[in-house]
Amino acid sequence: MRKFNVNVNGKSYVVEVEEAGDGVSSSVAAPVSTPAPSVAPAPKASVGGTIVKAPMPGLVLKLAVANGSKVKHGDKIIVLEAMKMENDIVASADGMVAFLVKEGDNVAGGADLASIS
């Protein structure tokens, strides 16, 4: 009898397979729980300024401007990947941007991404 780990639709199963002459018999154990990918909570913004929030959960692919740059309302400041699509996150006010995330961070929907003051 040999044991194998098999992933089906995101669930992990331990499968035991036994060779029996011409045929193969198998038994499946209960699903093994796999931990969900962790989403780091974004740090809270400093007092004051306009907060730019993530419209959906995703991966911060790129910070489009340097931290501390002056931006205008509507300027692209972050590229957020969600559901295999790249979404431009734009400044919601004029001012100086202070990022609260870094490239490669996984963020939850509604998480604080940047502060503009």
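Leaving ligands, DNA and RNA out of it, rank Glu19, Glu86 by accessible area with a 1.4 Å probe, largest first.
So, going from the largest accessible area down, we get Glu19, Glu86.
Where a Cα-Cα gap under 29 Å defines reach, which lysines qualify for Lys3, not counting those fewer than 8 residues away within the same chain?
By straight Cα distance, Lys3 reaches Lys11.
Between Met56 and Ala93, with labels modelled 7 Å along Cα→Cβ, what's the label distance in nm to one decimal, could you check?
Label-label distance for Met56 and Ala93, simple model: 2.7 nm.
The values are calculated or read from the model by the stated rules, or taken from the named source; none is laboratory data. Quick caveat: nothing in here was measured; it's all calculated off a predicted structure. Every residue, glycine as well, gets a Cβ built from its backbone with ideal geometry; the counts of neighbours run over all protein chains shown. Just so you know, the surface numbers come from the protein's heavy atoms only, side chains and all, with ligands and any DNA or RNA stripped out. Shrake-Rupley method; radii C 1.70, N 1.55, O 1.52, S 1.80 Å.
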